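Below is one structure, written out as structure tokens; the observations come after it.
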Amino acid sequence: MANQANGEVLLEISGIHKRFGGLHALSDVALSINKGEIYGLIGPNGAGKTTLFNVLTGLYQPDEGKFTFKGIDLFRKKPNVVVESGIARTFQNIRLFHNMTALENVMVGRHVRTRANVLGAVFRDPKTRAEEAGIHERAQSLLDYVGIRKHGGEFAKNLSYGDQRRLEIARALATDPQLLALDEPAAGMNPKETDDLKKLMEKIRNDGVTILLIEHDVKLMMGLCDRIAVLDYGKKIAEGVPEEVKNNPRVIEAYLGASPD
Amino acid sequence: MLANIKQSKPAAYAGMAIFAVVLAVLPFVMGATLGNTWVRNLDLAMLYIMLALGLNIVVGYAGLLDLGYIAFYAVGAYVYALLNSPHLVPMLSGTGFEWLLHMPLLVVLPLAALLAGIFGVLLGSPTLKLRGDYLAIVTLGFGEIVRLFMNNLDRPINITNGPQGVNLIEPVSLFGHKFSQAITVFGIEFRSVHLYYYLFLALALLIIVVSIRLQSSRIGRAWVAIREDEIAAQAMGINTRNVKLLAFAMGASFGGVSGAMFASFQGFVSPESFILMESIVVLAMVVLGGMGHIPGVILGAILLFLTPEVLRDVVNPLQDKLIGERLVNPENLRMLLFGIALIFVMLVRPEGLWPSKQRKAEFHEDDDLKVKDAEKEAAHG
Ligand SMILES: Nc1ncnc2c1ncn2[C@@H]1O[C@H](COP(=O)(O)OP(=O)(O)O)[C@@H](O)[C@H]1O
Ligand SMILES: [Mg+2]
């Protein structure tokens, strides 16, 4: 895959620390993601990948460090501020609004880009009605975009596993992100579904959204990512294009538990 | 009702028209068949419908368990009572604040709603991080605190008149007509209870419309999203703090409106009307009827309000006839039936008597989720 990154930095973190009691879940983590790339994050279970996602999306407050996005300081900002700035995510353990329809789930994603207040909701002035119609239309087209339009009226929990993953992506895209962070989106998918997902991610990137991706499927990552960073015990131990990372002795050690020589 | 206008239009309009006629003649039919107490009961039922719809916003939509809801009813009631009775006259006379007294209804009602809404935010802000049992305990405490204030704010300055309550509250006066006086239109005599009925009906309809519109707006979706999964709602960029406070404020303001109407209707308020049991009854109306579903909540309010009234009318005459003496106090029977009904509903229909499709699905999600989990396991393995 050609490196599409044009060198413009979108997200930059440095010196990020996150501790849970005695556990140092993230230790001096730094990375910078360029606009337009698919940036992979790998590492053994418990390495701190999800924790880093939680820090990047404001769900966890980091203890120290720097965090800027498009030059805006997002260090210890609330999730809604982060989303408003243009970062959206999915969850490793799917977190949909189970008892809302697929369409409503995506409509919730538009919340942050819409303005109607109580008065608008109650009086339904033309502006609010237009906004609501826009939300509906956009949600429909996003369901279409991820390929689950026909399930729009079903409760999210009744969707198949793969479709739930897609719905989470559609819901995240509804917030108009510039950076989409996907936490193990292919987990539990069969090869066919994984392949479709790969195509979807490429489509999303080609439509101008930068992707930060956690995945275990090495083959998928090698074929998809422009750059990959490796976390182990909360530390970044390697970073580079897939070929480099694959052959990095420290990475091999982290994965196999063997000494490099 | 209003929620399902979507069917074929002529049929829907015909249904609405019939329904409107039924509502319009209801107090007269009730008065003629069951007597005047029942028209009064009808009025009170309307107040409970408004209350239950307000609590439904907090508990049903946003999923925040509130056990102190009656406090907002109390705030509304005291706002109306103090501004429309002789009680504060000595205190305010000569201070330049006399204009506060006897304001028109269209000013007092929004004021009651606003003040109750502010109390809603006051209750909401310290509880934002709490859920479930913890939230229930704190809100319960809040409800009691408000009641205790009403009970004790007769010293050092007599604001609430303490346990004696506020008396001689003026009835509503609308378009220059005092609701305490009967009015005859087209040869039909509308008495005070009738006038209040139409006023309460109008307010209840207003609250229903507002509820429906909020529910199907971006705000309503945000409430439900928080109820479903607060973390995911945050990750979608919802400012959960503001949206929750809004739920508290909206619910409280409905409570405030019904409280104000209660005060004018009764002509008297005292802290005794706002005990914990009242909060629990309103909560039971919401839960029993069907949380988050407006028709269900209305049904719950009607059922729970009317049961004791029916018992009062039925049990004593029945006992007199059958056994010649009164062994069972209808008031006690009411609590017994109440408890049995709740247990029954929790066991058999935890989603309530008339739930929304959504809620029904939620309460039977175990069945689906087990299958889903099995699928997930298989997929992982
Ligand atoms: N909220 C939390 N409280 C305590 N420990 C946590 C919390 N979240 C994550 N951890 C710990 O941090 C470490 C990293 O976890 P995680 O980020 O989920 O790893 P990964 O996603 O790479 O598998 C683990 O040891 C995990 O137990
Ligand atoms: Mg993880």
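In the stretch A:187-194, is there at least one residue being within 11 Å of chain B (Cβ to nearest Cβ), surrounded by 15 or more Cβ atoms within 10 Å (Cβ to Cβ) and among the polar types (S, T, N, Q)? No; the residues of the stretch A:187-194 include none that is within 11 Å of chain B (Cβ to nearest Cβ), surrounded by 15 or more Cβ atoms within 10 Å (Cβ to Cβ) and among the polar types (S, T, N, Q). Somewhere in the stretch A:12-28, is a residue in contact with a Ser or Thr (Cβ under 6 Å, 6 or more places away or on another chain) and away from ligand 1 (no atom under 15 Å from the Cβ)? So far as the stretch A:12-28 goes, yes, one or more of its residues are in contact with a Ser or Thr (Cβ under 6 Å, 6 or more places away or on another chain) and away from ligand 1 (no atom under 15 Å from the Cβ). Right, A:LEU212: open to solvent by less than 20 Å² (accessible area, probe 1.4 Å), within 16 Å of ligand 2 (Cβ to nearest atom), in contact (Cβ under 8 Å) with a residue 40 or more places away in the chain and closer than 17 Å to A:ASN34 by Cα or not? Judged against the criteria, A:LEU212 is a match. For the stretch A:129-187, taking the residues that are farther than 30 Å from A:VAL218 by Cβ and among the acidic types (Asp, Glu), the one that is nearest to the chain's Cα centre (by Cα) is identified as A:ASP176.
In the set A:GLY65, A:GLY40, only one residue is part of a strand (DSSP E or B), in contact with a Gly (Cβ under 7 Å, 6 or more places away or on another chain) and within 16 Å of ligand 1 (Cβ to nearest atom); that residue is A:GLY65. For A:ALA186, the conditions (1) farther than 18 Å from A:TYR39 by Cα; (2) of a type in the set (A, V, I, L, M); (3) part of a loop (DSSP other than H, G, I, E, B) all hold with the exception of (1). Taken over the stretch A:147-162, the criterion of being within 12 Å of chain B (Cβ to nearest Cβ) and in contact (Cβ under 8 Å) with a residue 24 or more places away in the chain is satisfied by A:GLY153, A:GLU154, A:PHE155, A:ALA156, A:LYS157, A:LEU159, A:TYR161, A:GLY162. Checked against (1) assigned by TED's automatic domain parsing to the domain that holds B:ALA71; (2) within 30 Å of B:LEU168 (Cα to Cα), B:LEU283 passes all but a single condition, namely (2). Once the stretch B:261-280 is narrowed to residues that are open to solvent by 10 Å² or more (accessible area, probe 1.4 Å) and under 18 Å from B:ASP43 (Cβ atoms), the residue that is nearest to the other protein chains (Cβ to nearest Cβ) is B:PHE262. Kindly evaluate B:SER258 against the criterion of being crowded, with 19+ Cβ neighbours inside 10 Å, within 12 Å of the chain's Cα centre (by Cα) and hydroxyl-bearing (Ser, Thr, Tyr). The answer is yes for B:SER258. Only one entry in A:LEU11, A:LEU59 is open to solvent by less than 10 Å² (accessible area, probe 1.4 Å), at negative phi and assigned by TED's automatic domain parsing to the domain that holds A:VAL251, namely A:LEU11. Scanning the stretch B:246-280 for residues that are of a type in the set (A, V, I, L, M) and part of a helix (DSSP H, G or I) turns up B:LEU246, B:ALA247, B:ALA249, B:MET250, B:ALA252, B:VAL257, B:ALA260, B:MET261, B:ALA263, B:LEU276, B:MET277, B:ILE280.
Checking each residue in the stretch A:111-130 for being farther than 18 Å from B:LEU246 by Cβ and part of a helix (DSSP H, G or I) picks out A:ARG113, A:PRO126, A:LYS127, A:ARG129, A:ALA130. A:LEU180 fulfils the conditions (1) in a loop (DSSP other than H, G, I, E, B); (2) closer than 20 Å to A:GLN92 by Cβ except for a single criterion, (1). Count of the stretch A:106-146 residues, restricted to those that are crowded, with 16+ Cβ neighbours inside 10 Å and away from every other protein chain (no Cβ under 11 Å), is 5. From the list B:GLY76, B:GLY68, the one residue that fits, being in a loop (DSSP other than H, G, I, E, B) and either surrounded by 15 or more Cβ atoms within 10 Å (Cβ to Cβ) or under 21 Å from the mean Cα position of the chain (by Cα) (or both), is B:GLY68. Based on what the data block shows, is A:GLY46 more than 16 Å from ligand 1 (Cβ to nearest atom) and assigned to a loop (DSSP other than H, G, I, E, B)? Against the criterion (more than 16 Å from ligand 1 (Cβ to nearest atom) and assigned to a loop (DSSP other than H, G, I, E, B)), A:GLY46 does not qualify. The selection criterion, being within 16 Å of ligand 1 (Cβ to nearest atom), touching a residue at least 60 places away in the same chain (Cβ under 8 Å) and either farther than 19 Å from A:HIS136 by Cβ or outside the structural domain of A:ASP217 (by TED's automatic domain parsing) (or both), holds for A:GLU184.
Looking at A:VAL230, A:VAL218, which one is over 23 Å from A:ALA30 (Cβ atoms) and either within 16 Å of ligand 1 (Cβ to nearest atom) or touching a Pro at 6+ places or on another chain (Cβ under 6 Å) (or both)? Walk me through it before giving the result.
Numbers: A:VAL230 fails: over 23 Å from A:ALA30 (Cβ atoms).
Only one candidate passes the filter, namely A:VAL218.
Listed conditions (1) surrounded by 15 or more Cβ atoms within 10 Å (Cβ to Cβ); (2) at pLDDT below 90; (3) outside any loop (DSSP other than H, G, I, E, B) are all met by B:TYR197, apart from (2). Looking across the stretch A:65-102, the residues that are open to solvent by 20 Å² or more (accessible area, probe 1.4 Å) and more than 10 Å from chain B (Cβ to nearest Cβ) come down to A:GLY65, A:LYS66, A:THR68, A:LYS70, A:GLY71, A:ILE72, A:ASP73, A:PHE75, A:ARG76, A:LYS77, A:GLN92. Total residues in the stretch B:85-113 satisfying the condition of being among the polar types (S, T, N, Q) and open to solvent by 10 Å² or more (accessible area, probe 1.4 Å): the figure is 2.
Which residues, counting only those in the stretch B:154-166, are open to solvent by 60 Å² or more (accessible area, probe 1.4 Å) and modelled with pLDDT of 90 or more? Within the stretch B:154-166, B:PRO163, B:GLN164 meet the criteria. Is at least one residue of the stretch B:223-230 among the charged types (D, E, K, R), crowded, with 20+ Cβ neighbours inside 10 Å and farther than 23 Å from A:GLU84 by Cβ? There is no residue in the stretch B:223-230 that is among the charged types (D, E, K, R), crowded, with 20+ Cβ neighbours inside 10 Å and farther than 23 Å from A:GLU84 by Cβ.
Just one of the listed residues (A:LEU10, A:LEU26, A:LEU41, A:LEU52) is more than 16 Å from ligand 2 (Cβ to nearest atom), within 21 Å of A:ASP183 (Cβ to Cβ) and in contact (Cβ under 8 Å) with a residue 60 or more places away in the chain, and it is A:LEU10.
The values are calculated or read from the model by the stated rules, or taken from the named source; none is laboratory data. Small disclaimer: the values here were computed from a predicted structure and weren't measured. As a convention, Cβ positions derive from the backbone with ideal geometry for all residues, glycine included, and neighbour counts pool all protein chains shown. Side chains are part of the model used for accessible areas, which takes the heavy atoms of the whole protein and leaves out ligands, DNA and RNA. Shrake-Rupley method; radii C 1.70, N 1.55, O 1.52, S 1.80 Å.
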